[in-house]
Amino acid sequence: MIESPRQSAWITKKNVFSQQVAVDLRPLDDDVTLPFPDHIPAEFTIDQDEVERKLSEINICKAPGPDGLPNWVLPDFSAQLAGLMCAIYNAPVREGIHVVCASTASSPSAD
C-alpha cells in the first residue's frame, strides 16, 4: 500500500504517541488461564471481516468524532485496524468479563 504524505505524517505522529504511552505499560502475563473454553458462540463476538467492511464504508466527508481522529484514517487503514479492534472488543467475552457500559458518551446541553 502506498501512503500519501498525509497518511505518513499521521502515522509518524501516532507512532511517537503510542511509544510514549507504551513505556508505562507492564508486559502481559503469558500464564493467564482463561475461565471459559476456547469455543465462544459467534453471536457474542465481532467478526473481523465485518469490522473491516464497516470501517471501509465510513464517510470521510463528515466531521470527526470527539476523539478528533480524522475520518479518512479508518477507511484507509481498515485492514490494519479491524484485527486490533476485534481483539479489543472480543477480549472481555473470551475472558468472561461482563462489560456493563462500553461507552459513556455525553452531549453538551443546549442551554
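Here are the numbers for this structure:
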{"quantity": "Most to least packed among 50-58, 72-80, 4-12 [average Cβ atoms within 10 Å]", "calculated": "72-80, 50-58, 4-12"}
{"quantity": "Computed over the range 36-98, Cα set: Rg, Dmax in Å", "calculated": "13.8, 43"}
{"quantity": "Relative contact order, percent, the range 36-98 [alpha-carbon distance under 8 Å, six or more residues apart]", "calculated": "44"}
{"quantity": "Local electrostatic count, Leu55, Cβ distance below 15 Å [Lys/Arg +1, Asp/Glu -1]", "calculated": "-4"}
{"quantity": "Net length gained if the chain between Ala79 and Ser8 were fully extended (0.36 nm per residue, minus Cα distance)", "calculated": "23.9 nm"}
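Since every read-out is calculated from the coordinates, none of them should be taken as a lab result. Just so we're clear, the structure is a prediction, and the values are computed from it rather than from any experiment. For neighbour counting, all protein chains shown are included, and Cβ atoms are generated from backbone atoms with ideal geometry for every residue, glycine included.
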